[in-house]
1. Would you check which residues across segment 140-155 are part of a helix (DSSP H, G or I) and either within 16 Å of the chain's Cα centre (by Cα) or of a type in the set (A, V, I, L, M, F, W, C) (or both) and list them?
2. Return the only residue of VAL127, VAL105, VAL159 being of a type in the set (A, V, I, L, M, F, W, C), crowded, with 19+ Cβ neighbours inside 10 Å and without any contact (Cβ under 8 Å) to a residue 60 or more places away in the chain.
3. Would you please name the residue that is nearest to VAL168 (Cα to Cα), looking only at residues in segment 6-26 that are touching a residue at least 60 places away in the same chain (Cβ under 8 Å) and of a type outside the set (Gly, Ala, Ser)?
4. In segment 41-67, which residues are among the small types (Gly, Ala, Ser) and more than 20 Å from MET30 (Cα to Cα)?
5. Residues in segment 76-89: is at least one within 19 Å of ALA144 (Cα to Cα), surrounded by fewer than 19 Cβ atoms within 10 Å (Cβ to Cβ) and over 13 Å from the mean Cα position of the chain (by Cα)?
6. Could you check segment 106-139 and list, in sequence order, the residues that are assigned to a helix (DSSP H, G or I) and of a type in the set (D, E, K, R)?
7. Return only the number of the condition from (1) closer than 22 Å to GLN64 by Cβ; (2) of a type in the set (A, V, I, L, M, F, W, C); (3) crowded, with 16+ Cβ neighbours inside 10 Å that LEU24 does not satisfy.
8. Looking at segment 44-53, can you tell me whether even one residue there is without any contact (Cβ under 8 Å) to a residue 12 or more places away in the chain and within 23 Å of ALA174 (Cα to Cα)?
Amino acid sequence: MTRDEAWTLLCEHTKGESLRRHALAVEAAMRHFARKGGEDEETWAVTGVLHDFDYEEDPSGHPQRGRPILEQAGVPGPVVHAIQSHGDHLGIPRVTPMEKTLYAVDELTGFVAAVALVRPSKRVADVDAPAVRKKMKDKAFARAVSREAMLRAADDLGVPFDDLVSQVVLAMSAEAGVLGLAGAS
């Protein structure tokens, strides 16, 4: 499956702009880490684009109920498995670098975007690890995001959390315009 085919599938099932932007943020991070690790960038990008494709239609059935749709669309098995493994409630072990990276960047990209949007500049490039850690202490800020899961994901990936934040910010900064995080106009 190509990245464009993945985007079409996402848009068939996801109408909301914020969830589409989240998919683009995760795609940017996945591409970044694929390049860094010498992995297949297109496969990792497709994984990022599709990871939440079914969430809007069925939040309580995500991601397990989306699996047959992905398989019928011809999404490769490793991509389907990575998407399934990012749902903690399914208990599917994350083994491959792609699976671990998807889990590590999923919540973090959303959290980084939220931090950027409350900064005066509204620029993701102005976010750093200390700013993220400070907002993590504020339990009312992005309360649905598990701080423990973000920290655990960095550990599972074998990357210090502050380094993971820096790399995610770098990846998102490269796509800041399409993510709506290029700054206040």
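1. Start the filter on segment 140-155 by keeping residues that are part of a helix (DSSP H, G or I), which leaves 147-155.
Within segment 140-155, ARG147, ALA149, MET150, LEU151, ARG152, ALA153, ALA154 qualify.
2. On the way: VAL105 fails: without any contact (Cβ under 8 Å) to a residue 60 or more places away in the chain; VAL159 fails: crowded, with 19+ Cβ neighbours inside 10 Å.
Result: VAL127 is the single residue among VAL127, VAL105, VAL159 that is of a type in the set (A, V, I, L, M, F, W, C), crowded, with 19+ Cβ neighbours inside 10 Å and without any contact (Cβ under 8 Å) to a residue 60 or more places away in the chain.
3. The initial filter retains those residues of segment 6-26 that are touching a residue at least 60 places away in the same chain (Cβ under 8 Å), namely 6, 9, 21-22, 24-26.
Now narrow it down to the ones that are of a type outside the set (Gly, Ala, Ser): 9, 21-22, 24, 26.
On the way: LEU9: 25, ARG21: 15, HIS22: 13, LEU24: 12, VAL26: 9 Å.
Only one residue tops the list, namely VAL26.
4. Taking segment 41-67 first, the residues among the small types (Gly, Ala, Ser) are 45, 48, 60-61, 66.
Passing the criteria: SER60, GLY61, GLY66.
5. Yes, segment 76-89 contains a residue that is within 19 Å of ALA144 (Cα to Cα), surrounded by fewer than 19 Cβ atoms within 10 Å (Cβ to Cβ) and over 13 Å from the mean Cα position of the chain (by Cα).
6. Quick first cut of segment 106-139, residues assigned to a helix (DSSP H, G or I) only: 106-118, 124-126, 129-137.
If the condition is that a residue be assigned to a helix (DSSP H, G or I) and of a type in the set (D, E, K, R), then ASP106, GLU107, ASP126, ARG133, LYS134, LYS135, LYS137 are the ones that fit.
7. It fails just one condition, (1).
8. First, the residues of segment 44-53 that are without any contact (Cβ under 8 Å) to a residue 12 or more places away in the chain: none.
Scanning segment 44-53, I find no residue that is without any contact (Cβ under 8 Å) to a residue 12 or more places away in the chain and within 23 Å of ALA174 (Cα to Cα), so the answer is no.
The values are calculated or read from the model by the stated rules, or taken from the named source; none is laboratory data. Note that this is a predicted model, so its numbers are computed, not measured. Note that each Cβ is placed from the backbone with ideal geometry, even for glycine, and that neighbours are counted across all protein chains shown.
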